[in-house]
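Structure first, then comments.
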Amino acid sequence: MIVHHVLFWLKADTNADQRTEFRKGLQSLQGIEVIKTLHIGTPVTAIDRPVVDTSYTFSLTVFFDDLAAHDVYQEHPLHKAFLEQFRVFFEKVVIYDAE
């Protein structure tokens with residue numbers, strides 16, 4: 001199993017409507033057939049511990065059966081369309097892939 005965890009920091013001037021559209025864009029990725037599970041989250045700001053990073057805007061966690069499925073996802077038209085449309089909204093992205 002491969003876990004693909006992406007943290008997005010949206011630009012400071014991103015408004016509420018743009019954040020809503022960004023979330024919808026993330027949700028559109030569920031249409032990629034190789035995804036086993038997809039979770040979209042935001043920071044839990046009620047947790048106040050020095051080791052917990054709450055500076056990001058959105059978290060995307062995707063589970064795949066294997067690396068081949070991950071590779072299909074990376075090249076899938078829905079994934080490419082998401083990046084094309086929404087990359088202008090984020091100032092930083094960090095990705096953690098684990099097996």
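The values are calculated or read from the model by the stated rules, or taken from the named source; none is laboratory data. Note that the coordinates shown come from a computational prediction; the quantities given were computed from them, not determined experimentally. We place every Cβ from the backbone using ideal geometry, glycine too, and count neighbours over all the protein chains shown.
Exactly one residue out of Asp17, Asp71 is surrounded by 11 or more Cβ atoms within 10 Å (Cβ to Cβ), among the charged types (D, E, K, R), in a helix (DSSP H, G or I) and out of contact with any His (no Cβ under 8 Å at 6 or more places or on another chain): that is Asp71. Every condition in (1) at pLDDT 95 or above; (2) within 17 Å of the chain's Cα centre (by Cα) holds for Thr54 except the one numbered (1). Going by the conditions given, is Val94 of a type in the set (A, V, I, L, M), outside any helix (DSSP H, G or I), within 18 Å of Phe8 (Cβ to Cβ) and free of Cβ contacts under 8 Å to residues at least 40 places away in the same chain? Judged against the criteria, Val94 is not a match. Take the conditions (1) farther than 17 Å from Phe8 by Cβ; (2) without any contact (Cβ under 8 Å) to a residue 24 or more places away in the chain; (3) of a type in the set (Lys, Arg); Lys36 misses just one of them, which is (2).
Among residues that are hydrophobic (A, V, I, L, M, F, W, C), within 11 Å of the chain's Cα centre (by Cα) and under 14 Å from Trp9 (Cα atoms), Phe22 is included.
If you go through the range 36-67 and keep only what is closer than 13 Å to Val6 by Cβ and basic (Lys, Arg), you end up with nothing. In the range 47-73, the residues that are closer than 29 Å to Ile32 by Cα reach residues that are at pLDDT 95 or above and among the small types (Gly, Ala, Ser) with C-beta atoms within less than 9 angstrom, at least six apart or across chains, in these pairs: Phe58/Gly41; Ser59/Gly41; Leu60/Gly41; Thr61/Gly41.
Scanning the range 39-68 for residues that are in a strand (DSSP E or B) and of a type outside the set (S, T, N, Q), which turns out nearest to Lys11 (Cα to Cα)? Don't jump to the end; show me each part of the working.
Of the residues in the range 39-68, the ones in a strand (DSSP E or B) are 39-41, 58-64.
Narrowing further to those that are of a type outside the set (S, T, N, Q): 39-41, 58, 60, 62-64.
Values: His39: 22, Ile40: 18, Gly41: 17, Phe58: 12, Leu60: 17, Val62: 23, Phe63: 27, Phe64: 29 Å.
The selected residue is Phe58.
If we scan the range 2-12, do we find a residue that is touching a residue at least 60 places away in the same chain (Cβ under 8 Å), assigned to a loop (DSSP other than H, G, I, E, B), in contact with a strand residue (DSSP E or B) (Cβ under 6 Å, 6 or more places away or on another chain) and surrounded by 12 or more Cβ atoms within 10 Å (Cβ to Cβ)? Looking for residues that are touching a residue at least 60 places away in the same chain (Cβ under 8 Å), assigned to a loop (DSSP other than H, G, I, E, B), in contact with a strand residue (DSSP E or B) (Cβ under 6 Å, 6 or more places away or on another chain) and surrounded by 12 or more Cβ atoms within 10 Å (Cβ to Cβ), one finds at least one in the range 2-12, hence yes.
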